[in-house]
Structure formats: C-alpha cells, structure tokens
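Below: one structure, written as structure tokens.
The values are calculated or read from the model by the stated rules, or taken from the named source; none is laboratory data. This is a predicted model, so every value here is computed, not measured. Cβ sites come from the backbone with ideal geometry, for glycine too, and all protein chains shown count toward neighbours. These accessible areas exclude ligands, DNA and RNA; they are computed on the full protein's heavy atoms, side chains included. Shrake-Rupley method; radii C 1.70, N 1.55, O 1.52, S 1.80 Å.
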Amino acid sequence: MAEISATSFPSSSSAVLALRSSLNGNIRSQNVACLRTTSLFQELSVKRSQLSGNAVATTTTHVPLTRGCKSQAIRAVLSGDGQTVVSADSKEAGLRGKLKKVVLAYSGGLDTSVIVPWLKENYGCEVVCFTADVGQGIKELEGLEQKAKASGASQLVVKDLTDEFVKDYIFPCLRAGAIYERKYLLGTSMARPVIAKAMVDVAAEVGADAVAHGCTGKGNDQASTCNVRFELTFFSLNPELKVVAPWREWEIQGREDAIEYAKKHNVPVPVTKKSIYSRDRNLWHLSHEGDILEDPANEPKKDMYMMSVDPEDAPDQPEYIEIGIESGLPVALNGKPLSPATLLSELNTIGGKHGIGRIDMVENRLVGMKSRGVYETPGGTILFAAVQELESLTLDRESIQVKDSLALKYAEMVYAGRWFDPLKESMDAFMEKLTEKTTGSVTLKLYKGSVSVTGRKSPNSLYRQDISSFEGSEIYNQADAAGFIRLYGLPMRVRAMLEKGI
C-alpha cells in the first residue's frame with residue numbers, strides 16, 4: 001500500500017506530495033498544483049472521482065487539482081503545524097461502486113452467506129449482518145455469528161423483536177380485523193416492516209450508509225412482494241439510505257451458482273438438508289409453498305405441517321379456554337394476565353394440539369399473479385375469533401359495518417408493505433378509538449380443528465336482556481314496529497305502485 005504525505009508551506013503557493021511505496025521504500029516528490037493557503041487550519045480534502053478514476057483535491061476555496069489515483073481514496077487533514085498528512089484508504093471501490101458500510105438482513109443460509117462477499121467485492125464495503133428474532137425458533141439462530149464472520153462480515157447484530165412484533169404489529173392488525181382475501185392472517189406481511197425498521201435502527205447505530213436484503217422474488221414473498229415490503233419501510237424511515245438487492249443485480253441464477261460462488265470466495269457452504277418447501281416462520285404463523293403445493297388441485301401432505309396436528313389426530317375431548325380482552329386487545333388466558341408474546345405462544349401450543357388454524361388458499365400477489373400457500377396460525381385463529389366475537393356485544397351495527405369495510409383496505413395496505421403509510425396510521429387511530437369499549441371475555445371450545453364460541457360477556461355490552469327478551473318490555477313496544485315498517489319499506493312500496501300504475 002502506498003503512503004502519501006503532503007507538506008503545506010504557509011508562505012508558499014505550492015504544496016508538495018511525497019509518495020512512499022511500501023514495496024521498495026522509494027520516495028518521489030511532485031509539485032501537483034498551486035494551492036494558495038490562507039490558514040494553517042484549512043482542510044484539504046482529496047476524494048475519489050467516480051467518473052475519471054482520479055483523485056480530486058480542493059482547498060476550502062474549491063481550487064481543484066487532479067492526480068491519477070486508480071486504486072486509493074485519499075483523505076487529508078491539515079494539522080496545526082503546517083503539516084498536511086494524507087493517508088491512503090485501503091478500501092477500494094468495488095466493481096459496481098463504493099459504499100462505506102452495509103447492514104445485511106442475514107439468515108445464515110446459502111443466499112445471504114454469499115451476499116456478504118458479493119457486497120464486499122462489488123461495493124468495497126464493510127458488511128454488518130443483522131438477524132431479527134421474531135419468534136422463529138432458537139434452532140434458526142444457532143451458530144449464526146460464526147457463519148457470518150466466516151463469510152466475511154465484520155460483525156453480527158441479533159435483536160430480539162418478539163415482544164415488539166406482537167405488541168406493535170400483530171395486535172394492531174388483530175384490533176383492525178385485518179384479513180387478506182378472506183383467509184390470510186398476514187403473518188409474513190406483518191413481520192417484514194418490524195425487521196426492516198430494526199435494520200434502519202442498526203444502520204444508524206453502526207454508521208452504515210446502505211442496507212441490503214436477500215429477497216429473491218420467489219417463495220413466500222414471490223414476485224417482488226418481499227422487496228416492496230422491505231424497501232417501502234426503508235424509504236419511509238430513512239430515505240437517505242441506499243438499498244442493495246443482489247438478486248436484482250448479480251449473475252447468480254440458482255443454488256448451484258451460489259454454491260460455486262461460495263467456494264470461489266472461501267465461504268463455508270451451509271450443509272443442511274434442503275427443504276422441498278419454501279417456508280417462513282415467526283411467532284404468529286408458519287407458511288408453506290412450493291413442491292406439490294404449486295398445483296392447487298393437490299392435497300397437502302400430512303407430514304408437511306409443523307405447528308399443528310392433523311385434526312383427525314387431535315384429542316377426542318374438547319378443550320374450553322377463556323380469553324380476556326381490554327380495549328380490543330387480548331390480555332389474559334383463563335383469567336391469568338400474560339404479556340402479548342407469552343399469550344400468543346401459549347395459544348399456539350394449545351391450538352396446535354387441537355389442529356386449529358390451518359388455511360389452504362390461492363391468493364393474489366401484489367403484482368397480480370396468483371400463488372397457492374398453506375398457513376398454520378393456531379394462536380392467531382383463536383385470537384381473531386375471540387376479539388371479533390366480543391365486538392358483537394360492544395359495537396353497534398354501523399360501527400361494525402364501517403370497521404369491516406376499512407379492515408379490507410387495512411389488510412391490503414399491510415400486505416403491500418405500506419405499514420408506515422399515513423393512511424394506514426390514520427386507520428390505526430380510528431380502530432383504537434372505535435374499540436376502546438371492547439372489554440370483556442370470550443369462552444371458546446377447541447375441538448378437532450374447529451373454534452366455537454360458547455360464551456361472551458362485557459361490562460360495556462350493548463346487549464340488554466330486558467329489551468331483547470321475548471317477554472314484555474317497557475322500553476320496546478311491539479306496536480311500534482308497524483309504523484317503522486311502513487316508513488322503512490316506503491321506497492319499495494312507491495316503486496311497486498309505479499310499476500302497477502297506481
């Protein structure tokens with residue numbers, strides 16, 4: 001590596017750069033420009049020109065000088081004694097440009113393992129790997145630090161986002177009643193923004209100027225949905241961050257290409273049995289795609305499921321549970337207050353035992369294509385049933401209708417990665433206000449894949465037994481119905497009169 005030093009003379013109109021080669025120790029001096037120094041504390045900045053490959057040095061009055069420098073980016077700071085020490089930065093620009101530091105969403109699998117050296121080779125950057133724990137299981141986190149560093153990363157940052165994921169992402173969707181296309185409870189869709197937000201936070205902590213992800217355009221985030229979910233969050237939270245998506249840039253076309261690239265760059269290839277399914281798991285759900293599921297006529301294999309037993313093999317005796325709810329959000333199980341993540345985890349175990357929450361659907365992806373997926377969401381299915389049932393007591397007809405209509409748009413926005421969109425945030429405020437009286441409890445019966453409501457109660461119930469009873473009531477007079485029916489049916493009566501010429 002070359003060592004470059006520059007000496008500045010206050011009374012002189014020139015600066016001399018001395019280049020010492022680390023290979024032979026020779027020193028060469030060259031007057032490279034005329035710099036009129038007006039202060040001993042002027043800053044001389046020399047930076048790489050991305051257009052010409054030359055180093056460009058300027059004084060604070062922006063008088064340029066150039067000197068050929070194809071392999072180093074040079075930084076210079078003028079010291080107080082008139083000596084300007086210019087050091088060569090060993091980090092060269094990569095094949096596609098220059099980035100300082102990149103935070104990579106890292107799983108430890110083959111794809112993200114080869115992305116590490118690819119980023120260094122193509123962008124000349126330091127790579128910080130980031131892994132989020134959103135309840136996917138301890139096994140997926142084992143040995144990640146060793147894998148990341150063996151791939152060339154400077155460090156691995158792991159953050160436990162489980163509580164935040166449930167409290168700030170899952171529960172708002174639950175309160176809104178957000179279900180995509182009648183079935184999908186948005187497991188993957190909710191997880192992407194919490195992970196992307198954490199990446200933006202880590203980028204700020206480590207001083208990164210870019211983020212990267214390994215979305216392939218296939219599998220659970222097929223056809224750019226994953227890219228959109230990640231990148232819309234990046235744009236919303238820090239528009240200055242550069243985003244690198246290797247699968248949109250590199251020549252690697254598949255697993256064999258990735259293995260070859262890994263071997264070429266001495267990256268340990270993860271030795272794991274490749275699943276025939278594409279899966280995505282977090283505390284809310286587990287999704288399955290690929291293999292025989294690509295034909296929507298095929299029944300899923302029994303051994304594919306991992307969070308739930310086959311309903312046929314579930315216990316022959318039903319289990320009754322009670323969900324406590326406050327202001328539209330679940331807070332307790334069988335009278336015991338629990339944190340959001342703990343409550344969901346316990347319901348996953350209970351629901352899975354009874355074969356609850358299996359969904360097989362064909363959905364419309366963001367770009368318009370259809371995709372078949374199978375989802376296991378045992379705890380989430382139980383919670384949706386409980387919350388929606390309690391609303392039948394606490395919300396009036398118009399409120400339920402408006403809430404249900406907005407829930408469709410809410411689900412669509414979450415599915416499309418628009419978590420931080422002002423419209424979605426405004427709907428959150430509406431849902432929170434609307435459900436502030438939805439407090440009480442719901443009793444459910446779990447039996448061989450089904451969830452049945454057996455009871456519900458609330459201190460804010462709009463249901464009045466004295467009004468709804470078949471017995472006589474002072475508030476509701478049966479005779480009042482005649483006038484109401486005549487007025488309510490007036491439009492239909494007038495139309496019929498017109499048709500009959502009356």
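Tabulated values for the structure
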{"quantity": "Selection status of Ile359, under 19 Å from Cys173 (Cβ atoms), open to solvent by 10 Å² or more (accessible area, probe 1.4 Å), touching a residue at least 24 places away in the same chain (Cβ under 8 Å) and assigned to a strand (DSSP E or B)", "calculated": "yes"}
{"quantity": "Number of positions in region 280-309 that are more than 28 Å from Leu338 (Cβ to Cβ) and either among the basic types (Lys, Arg) or out of contact with any strand residue (DSSP E or B) (no Cβ under 7 Å at 6 or more places or on another chain) (or both)", "calculated": "9"}
{"quantity": "Qualifying residue in region 411-423 (condition: of a type in the set (Gly, Ala, Ser), surrounded by 19 or more Cβ atoms within 10 Å (Cβ to Cβ), modelled with pLDDT of 95 or more and within 23 Å of Pro459 (Cα to Cα))", "calculated": "no"}
{"quantity": "Leu119 vs. criteria over 29 Å from Gly379 (Cα atoms), out of contact with any Ser or Thr (no Cβ under 6 Å at 6 or more places or on another chain), in a strand (DSSP E or B) and open to solvent by less than 10 Å² (accessible area, probe 1.4 Å)", "calculated": "no"}
{"quantity": "Checking Cys226 against (1) at pLDDT 90 or above; (2) under 30 Å from Tyr184 (Cα atoms), the condition it does not meet", "calculated": "(1)"}
{"quantity": "Selection within region 487-502 - closer than 27 Å to Ile400 by Cβ and open to solvent by 100 Å² or more (accessible area, probe 1.4 Å)", "calculated": "Leu487, Tyr488, Met492"}
{"quantity": "Flag for Tyr180 being more than 21 Å from Leu237 (Cβ to Cβ) and hydroxyl-bearing (Ser, Thr, Tyr)", "calculated": "yes"}
{"quantity": "Residue among Leu338, Leu329, Leu393 that alone is open to solvent by 10 Å² or more (accessible area, probe 1.4 Å), modelled with pLDDT of 95 or more and more than 27 Å from the chain's Cα centre (by Cα)", "calculated": "Leu393"}
{"quantity": "Matching helices (runs of 4 or more DSSP H) fully within region 149-248 where at least 3 residues are of a type in the set (S, T, N, Q) and touching a Ser or Thr at 6+ places or on another chain (Cβ under 8 Å)", "calculated": "none"}
{"quantity": "Pairs where the first residue, in region 473-502, is at positive phi and the second is in a loop (DSSP other than H, G, I, E, B) and surrounded by 10 or more Cβ atoms within 10 Å (Cβ to Cβ), C-beta under 7 Å, 6+ apart", "calculated": "none"}
{"quantity": "Flag if Ser371 is at pLDDT below 95 and within 25 Å of the chain's Cα centre (by Cα)", "calculated": "yes"}
{"quantity": "Selection from region 146-170 of residues that are among the polar types (S, T, N, Q) and surrounded by fewer than 20 Cβ atoms within 10 Å (Cβ to Cβ)", "calculated": "Gln146, Ser154, Gln155"}
{"quantity": "Selection status of Val271, within 20 Å of Ala148 (Cα to Cα), modelled with pLDDT of 95 or more and surrounded by fewer than 21 Cβ atoms within 10 Å (Cβ to Cβ)", "calculated": "no"}
{"quantity": "Some residue of region 454-466 being under 18 Å from Pro330 (Cβ atoms), under 30 Å from the mean Cα position of the chain (by Cα) and open to solvent by 30 Å² or more (accessible area, probe 1.4 Å)", "calculated": "no"}
{"quantity": "Residue match in region 379-390 (condition: touching a Ser or Thr at 6+ places or on another chain (Cβ under 6 Å) and of a type in the set (A, V, I, L, M, F, W, C))", "calculated": "yes"}
